[in-house]
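The values are calculated or read from the model by the stated rules, or taken from the named source; none is laboratory data. Note that the structure is predicted; figures quoted are calculated from it, not measured. Quick reminder, even Gly has a Cβ in these numbers, built from the backbone with ideal geometry, and neighbours come from all protein chains shown. Surface areas here come from the heavy atoms of the whole protein model, side chains and all, with no ligands, DNA or RNA. Shrake-Rupley method; radii C 1.70, N 1.55, O 1.52, S 1.80 Å.
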Amino acid sequence: RFCDVQDETYDLLYQQCDAQPGTSGSGVYVRMWKRQQQKWERKIIGIFSGHQWVDVNGSPQDFNVAVRITPLKYAQICYWIKGNYVDCREG
């Protein structure tokens, strides 16, 4: 499913999609065109965490919120998986 990001901060992505109950923890991806391989590649950029009401111009709106995977978060997750920061240098 494709949904536009409506707003974002350094740590959060806000979008309006029709997420189903129980989908918290799902990956949020972007599609990137890899010119050398001439194909699309998906990259995970966040983890869906749930819904949040946000005040937009004085009117509350319901957004799906995803926690953005920042470089620091990526490094920590990679370390948990691989146990060695040297193995986590390639994004």
What percent do you get for the relative contact order of the stretch 5-82 when only Cα pairs under 8 Å and 6+ apart count? 30 percent
Counting only protein heavy atoms and rolling a 1.4 Å probe, one gets per residue an accessible area for the chain in Å² of 80 Å²
Is the chain best put as rounded, prolate or oblate by its Cα gyration tensor, with a ≥ b ≥ c the root eigenvalues, rounded for a/c under 1.5, and otherwise prolate when a/b is larger than b/c, oblate when not? prolate
At 1.4 Å probe size, with the rest of the protein present, what percent of the exposed accessible area of the chain is carbon and sulfur atoms? 51 percent
Report the one residue of LEU72, PHE48, SER24 whose Cα lies farthest in the direction of the positive end of the charge dipole of the chain (charges on C-beta: Lys and Arg +1, Asp and Glu -1; origin at the Cα centre). LEU72
With all protein chains modelled, accessible area of TRP33 [1.4 Å, Å²]: 120 Å²
Across the stretch 17-23, in residue order, what do the Karplus-derived ³J(HN,Hα) couplings come to in whole Hz, using 6.51 cos²θ - 1.76 cosθ + 1.60 with θ = phi - 60° and x for Gly and Pro? 10, 9, 5, 8, x, x, 8
Across the chain, how many lysine pairs, 8 or more positions apart or on different chains, have C-alpha atoms separated by under 23 Å? Please give the number. 4
Extension gain ILE45-LEU12, at 0.36 nm per residue separation less the Cα-Cα distance, in nm? 10.8 nm
Charge tally in the Cβ shell below 15 Å around GLN76, where Lys, Arg are +1 and Asp, Glu are -1, GLN76 excluded: +2
State to the nearest 20 debye the size of the charge dipole of the chain about its Cα centre, where the only charges are +1 on K and R beta carbons and -1 on D and E beta carbons. 640 debye
So, taking all protein chains as they sit and a 1.4 Å probe, how much accessible area belongs to ASP4, in Å² rounded to tens? 90 Å²
Linear extension gain, ILE77 paired with VAL30, 0.36 nm per residue minus alpha-carbon span: 15.0 nm
